[in-house]
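The next block holds one structure in the form of C-alpha cells; read it before the comments.
Where a number appears in this text, it was derived from the coordinates with a stated rule and is not lab data. Everything quoted here is computed from the prediction, not taken from an experiment. Note: ideal-geometry Cβ built from the backbone for every residue, glycine included; neighbour counts use all protein chains shown.
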Amino acid sequence: MPEAALTHADLHAHASPRQQHHFDTMAQQKEAATLGMWVFLVTEIMFFGGMFAAYMIYRMWYFPGFAAASEELDITLGGINTVVLIGSSLTVALAVHAAQEGKKNQTVALLIATGLLGLTFLVIKYFEYKVKIVGHHLPDGTTITLFPAAGFFDVSQSEHLAPIASQVRIFMVLYFALTGMHALHMIIGIGILGVILWMAIKGAFTKEWHVPVELFGLYWHFVDIVWIFLFPLLYLVHRHG
Amino acid sequence: MTTSDAATAVMPARHYLNEQRGIRSWLLTTDHKRIGLLYLFSITAFFFLGGFFALLIRLQLLSPEGALMTSDVYNRMFTMHGVIMVFFFLIPSIPATLGNFLIPIMIGAKDLAFPRINLLSWYIYVLAGLFALASLVLGGVDTGWTFYTPFSTSFSNTPVVTAGLGVFIAGFSSILTGLNFIVTIHRMRAPGMTWFRLPLFVWAHYATSLIMVLGTPVVAITVLLLAFERVLRVGIFDPSIGGDPVLFQHLFWFYSHPAVYIMVLPGMGVMSELVASGARKNVFGYSFVAFSSLAIAIIGFLVWGHHMFVAGQTVYAGLVFSILTYLVGVPSAVKTFNWTATLYKGSISYDTPTLYAFGFLGLFLVGGLTGLFLAAIGLDIHLTDTYFVVAHFHYIMVGGTLMAYLGGLHFWWPKITGRLYPEGWAKLSALVVFIGFNLTFFPQFIVGYLGMPRRYAMYPPEFQLFNVMSTAGASILGFGYLLPMIYLTWAWFYGKPAGNNPWGSKGLEWETTSPPPTFNFDRTPVVTEATHAYGHPEEVKVA
Amino acid sequence: MHPSIPLFPEQASTMAARVDNLYFFMVATSAFFAVLVTLLVIAFAIRFRRRSPDGVGEPIHGSLALELIWTGIPFVIAMVMFVWGASVYFALARMPDEALDIYAVGKQWMWKFQHREGQREINELHVPVNTPVRVIMTSEDVLHDLYFPSFRTKTDAIPGRYTQLWFTATDVGTYHIFCAEYCGTRHSGMIGRVVVMPQNEYEAWLGGAATEGTLAQRGEKLFTQFACVTCHRADAAARGPLLNGVFGHAVALTNGNSVIADAAYVRESILNPTAKVVAGFAPIMPTFQGQVTEEQLLALTEYIKSLPTLQQVPGAQAAPPPTAPAPPK
Amino acid sequence: MANPETAEHAAEVDHILPRSLYFGIFGLLMVFTVITVAAAYVDLGNLNIGVAIAIALVKATLVILFFMHVKYSSKLTWVVVGAGVFWLLILLSMLMLDYASRGWMMAPPIVRGA
C-alpha cells in the first residue's frame, strides 16, 4: 500500500500562519483560491448570459422599440459611468500591483480610490433610475414614466412610444434587470472592498501574501467587463438618425 | 463480506464521528465527511416527502375517474413531487453526499479546497428547502416542475414565486458544490495521483461539476425573471404583452436538460466503482469511460431543444437538436459496453453493491434505449408529453441514479459508519427495489404509446389496467426504499465493525480507517498505481 | 376499441403506420441490445463468479478495437434512427398542398373547433375520411397541446401564435382528442373525440347543424360590427388599405420592408396595428386587443382571405383602382 | 507537498507588470470608448451592432489579458476563461438556431389563399 512521505507535523512545522490546515503549501492554497475565483466568474458569465440571450432575441424581434427606448437613456451619464468604471478597474489593478510590491500605503490609497469610483458609479446610476421611475420629459413635450411604482410601464402619454409600448416595456425590463443585477454586483463588491480595505489598513497584506486583494481585483474587473457590454447594448442601440 | 479480517475488526479509537461531539460540532463542522452526512439526512427527508407525494399520485390513478383527490390537489401533488425530487433530492443526491464524502479521500486530500464554502452550500440548501416547504405550507404549487409560462406567470393561483425562489437558492448550493469539486480535483490531489489514476467516480464528478457551474446560473436567472414577470407583469415571457413563452422553455431546458446529466453522471461514477470492486478488476477501457463523462457533459449542453419538438420550435432547430441527441447517446452506450466488458474474466461477487450495480445496468439500459425513441423526432411527436416520457425519465433518474445512489450507500456505508449492515436484508431490498421499479414503470411505456398524456388526474378507462399495475409496483417500490433506511440506520449503531476494507477493494478510501479520521489520512498518501489495479499487488511501492 | 388489451393505439391515419413502423424498428433494435447486454452480464456473472474470498480478476486494460466497434456501431444505428425519424417528421411537419382547413382554439379547459363552412364544435371534431385535414390552432390563455393519438400527431397551441398540424384519417370511427400540454386545474378534462365520417355523411353533417353562415360570412359581419369597413374601403376617403386580394401576398410597409399577409400578420394588425403599417397609410388604427376573441380573429382572417382579388392592375397594391367593387354593407 | 500541476507554475505566480502598462491599457480602453460612441452616431446599417460588439470584445479582451493578468497565467486559467465564453456562445447560438429559422418554414404558415 502507498506509504506516507511526510507527516502533518513535518508539513506544518514551517508553514505560514496564513496557511489552512488542509493545504500542503501556500502556493497550493493560493492557486486553489485563484482557480475558485475564476470558476466563480465563469458562473457569473452564464448568469448574465441568460439575460443577454433574452436581450438578443427581443432586440431582433422588437428593434423599433429597442431603438426608441434606448434613446430615452441618458448617454452622457452612461458615458461618464463607463469612464468611471474603467477608471476604477485601473485603480484596482494598480492596487494589486502595489500589494504585489508590498507597498501598504499605496495599496490602501488605491483601494479607497476604487471604492470612491464605485460609489460614484452607483450615485450616477441612482439618478438615472430616479428619472425613469418618477417621470421623464420627452422632447415632444410629454412626460412618461417608464417604471412607476405600480409595476408596469406607462408610455401612453408619449406619441412615438405608445404605439410600440410592449416593445418599449420589454427593453426597459431588460434594462432594469441587466443594470440592476450589475449594480447589485457593484454593491456586493463595495462591501467586499470594505473588508479588504480594513485588512489592508491593519497591515494584513505582505509582498508574499495578498491573495484577497488579487481575488477582489478579478471580481471587480469582471463587473467592469459586464458594463463594457451593457453600455453599447443598452445606450447605443440606434443613436444615428 | 469476504475478507477474513472482517471477523476480528474493531472500531478505531478516534475518527471523524467521535473526535468532536454535540450538535454544535455538526452545525459548524467544515469536515467534508460530516457535511456529506448533513446532506444525507436532509436529502433523505426530502426523498421520503417526494416519495409520499408519488404514492398519493399512484393511488389517485388507481381508478380512471381519480380515486383520491380533486384535479386541483392532484396537480399540486405531481408538481411538488417533481420540484422536490428534482431540485432537492436528485440534483444534490450523489454529489452532495457520496461525492462530498469520498472525493477528498479518493484523491488523498485532507478536505475539499474550500471547507467553509462547503458548509455554506449546505446552509443554502437548507434555506432553499425551507422555501420549498413554505410553498407547500402555502398550499403547494400547481404549475408542474417545469414552471411553463404563461400558466405559471399569469394564471396559476399558487405560491409560484416562493417555490421559484427555492429553486433559485438551491441553484447556488449546487454551484458552490460544483466549484468546490472542480478546484479540489485540480489542486488537491495527493502526490502521484495523476489525472489518469483518478477513480472514475472522481472523473464523473468532475464532469458533473462542469454542468453545475455552467448550467445552473442560467436557470437561476430564468427563474428570477419568471418571478419578476409574475410579480410585476413585465411581459418578458407573457405572450399577451409581447413576450415569448417559448423563450422561457429554451432558457429553462438549457439548464434542465444538462441537469439530467447532473443526476445521472455521478450515478455512472458510482457504477464504475461498484463494477470494478465487484469484479475485482480495473474498469475496461478506463480512458474511454473517463472521457465519455466529459463528452456527455459537453454534448449534453447542445441537446436541450429535444424537449420542445412540438412546442413551436422550428423544423430546422428540431432536426439539429435531434441529431445532437443521438450523438450524446453514443458515450452512454460506450460506458455500458465497458462496464459489461469489465465483468469478463473478473472475480464477481454477489454482494449487495454488485447486485445494485447489475440493477443499475439493466434499468439504465432500458432508460437509455427508450431515450433513442424520444430522440427520433417523428416518433417523439406522438410520444412527447405522454407516459412514455414519464417512464423513460424515471428509468434514468430512479432506475439509474437512485439504484446507483443506493448501491453506493451500501458499498461505502461500512466506510461512512465503520459498521456492517445485515447482508441478507440488503440483498432482499435490492431485489424488491428492482422488481417494484419495473412493475411500476414498465407498464407506463405501454400506456404512453397508447396515448395517455402525463399530468392527468383522470383518464379514459381503457388505460386502467396499466395504471393498476403501476400502482401495485409503486407500493412494492416504496417498501423497498423503506427497508434500507431501517437496516442502514440500525447498522450505524449496532452493526459489526467493518474493518478498513471489508470488500477487499482497491482505492485510497479503503486504506484509511473505517470511519476515517477527521483529516482522512494519518499520513499524506503517495499514489503509485492506477485505480483498481488488482492482480499485480507487487507493483505497489513504498514511496 | 379492441376487446383485448391493446399495446398500441389504432392506426387511423396515413401517418400512423409510418410512425408505428419506426417504433417497431426501435423496439426490435432496443430489445436486441437489451437482451445482448443482459445475457452477457448474466453469463459473466455466473462464469466468472468469485470462487475464493481472495480471488481477483485478470488485469485487462481494454481494447482499442473493441472501443471503436462499440462506438462505431451505436453511432451508425443512431444515425439510421435519426434519418428515419427525421423523414417521418418531415411528413408530419409538411402541410399537404390541398387540405380541408379547420380552426382550433384552446381555452382553459376546452377545444373549440370552427369549420370554414360555419359549424362550431366544442371538444368534438367531425372530419371526413380519406381527406387531408389541416388544423390551424392558437390558444386564448395558456399553452395547450392538441393530440390525436390514433393519428400519431400533436402540436402545442401557443397564445399569440398560430401553429398547425395535419392528418388524413383512414378509418371511419371515433377517436380520442387529448390536451397533452399541462394547462391547469382541469387539464385532464380537456379531452374530446374526433369523429371520422364517410365523405357523404360529413357533407350531410355540415349542412345539418344550424349555423350562422360560413366562417367568412361571420367574419364579414364582424368586419362591419367592429367598423373596420369605415376605413378599409375602396374609395378615395379610405384611411386604411383595401384588403381585397391581399391575403397570401407580400405587402409593402412604411419602414421599407415587406411581409407576407398571412393569418399571423392579420392577427397582429388587428391587435397591434401600429407594429407593421402598410406603406402609404398613417398609423392611426386603434388596437382591438381585448375586444376581439381568438375565434373572431379567425373569422375575420377567413373573411379577408375570402375577398375576391381585384382585377390585376400593375402597381395596384397600395392604391387600389377606384372601380373596385366595395364589399357589401 | 504539492502535486505536479501545482509545482509547475508556482514559479510564475506574482508576475509583476510595469505600472506604465496599466496606464497604457487604460488609455486604450478610453480610446475605444470614444470610438464606440462615435460609431453609434454613424449609420452603418446592420453593421452598427457588429461594430459595437467587436469594440466591446476588444475592450473586454484587454481587461482580461492585462488587468486580470490572464496573459501571464497558467494554461488552466485560459481554459477556464475559454470555457466561459464557449458556453455563452453555445447558449446564444443554439438559441438563434430556433429564432433565426422562424421565418423559413417550408410552407409559410397559413398563406394558402381562398
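Just a few scattered comments:
- Taking the criterion of being of a type in the set (S, T, N, Q) and within 13 Å of the chain's Cα centre (by Cα), the only residue of segment D:37-63 that qualifies is D:THR61.
- Those residues of segment A:112-131 which are within 14 Å of another protein chain (Cβ to nearest Cβ) and either of a type outside the set (Gly, Ala, Ser) or free of Cβ contacts under 8 Å to residues at least 12 places away in the same chain (or both), in sequence order: A:THR114, A:LEU117
- Index of the failed condition, B:VAL320 passing every other in (1) in contact (Cβ under 8 Å) with a residue 24 or more places away in the chain; (2) within 12 Å of chain C (Cβ to nearest Cβ); (3) surrounded by fewer than 24 Cβ atoms within 10 Å (Cβ to Cβ); (4) part of a helix (DSSP H, G or I): (1)
- Residues of segment C:225-268 satisfying the condition of being farther than 29 Å from A:ALA67 by Cβ, of a type in the set (S, T, N, Q) and free of Cβ contacts under 8 Å to residues at least 60 places away in the same chain: C:GLN225, C:THR230
- Residue match in segment B:194-210 (condition: facing another protein chain (nearest Cβ under 7 Å) and not hydroxyl-bearing (Ser, Thr, Tyr)): no
- D:PHE66, sole failed condition from (1) assigned to a helix (DSSP H, G or I); (2) surrounded by fewer than 20 Cβ atoms within 10 Å (Cβ to Cβ): (2)
- Subset of segment A:167-213 [exposed (fewer than 15 other Cβ atoms within 10 Å of the Cβ) and either of a type in the set (D, E, K, R) or within 16 Å of B:GLU229 (Cβ to Cβ) (or both)]: A:GLY180, A:LYS202, A:LYS207, A:GLU208
- Neighbours by Cβ (under 7 Å, 6+ apart or cross-chain): first from segment A:173-184, free of Cβ contacts under 8 Å to residues at least 24 places away in the same chain; second β-branched (Val, Ile, Thr): A:VAL173/B:VAL234; A:VAL173/B:ILE236
- Subset of segment C:139-152 (residues that are surrounded by fewer than 24 Cβ atoms within 10 Å (Cβ to Cβ) and at the interface with chain B (Cβ under 7 Å from one of its Cβ atoms)): C:ASP141
- B:LEU365 being crowded, with 22+ Cβ neighbours inside 10 Å, within 8 Å of another protein chain (Cβ to nearest Cβ) and over 26 Å from B:THR314 (Cα atoms): yes
- Of all residues in segment C:163-184 being assigned to a strand (DSSP E or B) and more than 15 Å from the chain's Cα centre (by Cα), the one that is surrounded by the fewest Cβ atoms within 10 Å (Cβ to Cβ): C:THR174
- The single condition from (1) within 14 Å of chain B (Cβ to nearest Cβ); (2) over 30 Å from B:ALA317 (Cα atoms) that C:VAL129 fails is (1).
- Residue list for segment C:85-105, restricted to those being out of contact with any strand residue (DSSP E or B) (no Cβ under 7 Å at 6 or more places or on another chain), within 7 Å of chain B (Cβ to nearest Cβ) and in contact (Cβ under 8 Å) with a residue 60 or more places away in the chain: C:GLY85, C:VAL88
- Criterion applied to C:SER269, C:SER188 was being part of a helix (DSSP H, G or I), under 21 Å from the mean Cα position of the chain (by Cα), surrounded by 20 or more Cβ atoms within 10 Å (Cβ to Cβ) and of a type outside the set (A, V, I, L, M), and the one residue passing it is C:SER188.
- Strands (runs of 3 or more DSSP E) lying entirely in segment C:55-159 (those with 3 or more residues that are closer than 19 Å to B:LEU379 by Cβ and touching a Phe, Trp or Tyr at 6+ places or on another chain (Cβ under 8 Å)): C:144-148
- Selected residue (criterion: farthest from C:PRO53 (Cα to Cα)) from residues of segment B:450-507 that are assigned to a helix (DSSP H, G or I) and polar (S, T, N, Q): B:GLN464
- Only one of the listed residues (B:GLY192, B:GLY215) is of a type in the set (Gly, Ala, Ser) and over 26 Å from D:GLY84 (Cβ atoms). That residue is B:GLY192.
- Identity of the residue in segment B:432-455, small (Gly, Ala, Ser) and under 17 Å from C:PRO149 (Cβ atoms), that ends up nearest to the other protein chains (Cβ to nearest Cβ): B:GLY451
- Listed here are the helices (runs of 4 or more DSSP H) enclosed by segment A:8-88 that have at least 1 residues being surrounded by 17 or more Cβ atoms within 10 Å (Cβ to Cβ) and more than 9 Å from chain B (Cβ to nearest Cβ): A:26-61, A:63-71.
- Test: residue in segment D:64-72 that is more than 11 Å from the chain's Cα centre (by Cα), on the phi > 0 side of the Ramachandran plot and within 9 Å of chain A (Cβ to nearest Cβ): yes
- Hey, A:LEU218 in contact (Cβ under 8 Å) with a residue 60 or more places away in the chain and over 16 Å from the mean Cα position of the chain (by Cα) or not: no
- Members of segment B:204-245 that are out of contact with any Phe, Trp or Tyr (no Cβ under 8 Å at 6 or more places or on another chain) and not in a helix (DSSP H, G or I): B:GLY235, B:ASP238
- In segment A:89-111, of all residues being more than 7 Å from chain D (Cβ to nearest Cβ) and under 17 Å from the mean Cα position of the chain (by Cα), the one that is surrounded by the fewest Cβ atoms within 10 Å (Cβ to Cβ) corresponds to A:THR91.
- Single condition B:TYR344 does not satisfy, out of (1) at the interface with another protein chain (Cβ under 7 Å from one of its Cβ atoms); (2) closer than 29 Å to B:THR194 by Cα; (3) without any contact (Cβ under 8 Å) to a residue 40 or more places away in the chain: (3)
- Pairs with Cβ under 8 Å, 6+ apart, first in segment C:45-58 and facing another protein chain (nearest Cβ under 7 Å) and more than 14 Å from B:THR340 (Cβ to Cβ), second in a helix (DSSP H, G or I) and of a type in the set (Gly, Ala, Ser): C:PRO53/B:SER4
- Candidates B:LEU37, B:LEU56, B:LEU62 - the one that is in a loop (DSSP other than H, G, I, E, B) and either within 20 Å of B:LEU136 (Cβ to Cβ) or away from chain C (no Cβ under 14 Å) (or both): B:LEU62
- Tally of residues being touching a helix residue (DSSP H, G or I) at 6+ places or on another chain (Cβ under 9 Å), crowded, with 19+ Cβ neighbours inside 10 Å and either within 14 Å of chain A (Cβ to nearest Cβ) or not in a loop (DSSP other than H, G, I, E, B) (or both) across segment C:234-266: 4
- Remark: pairs (first residue in segment C:283-302, more than 13 Å from every other protein chain (Cβ to nearest Cβ); second residue part of a helix (DSSP H, G or I) and among the hydrophobic types (A, V, I, L, M, F, W, C); Cβ separation under 6 Å; 6+ apart in sequence or on different chains) = C:PHE288/C:ILE270; C:GLN296/C:LEU222; C:ALA299/C:LEU215; C:ALA299/C:LEU222; C:LEU300/C:LEU222.
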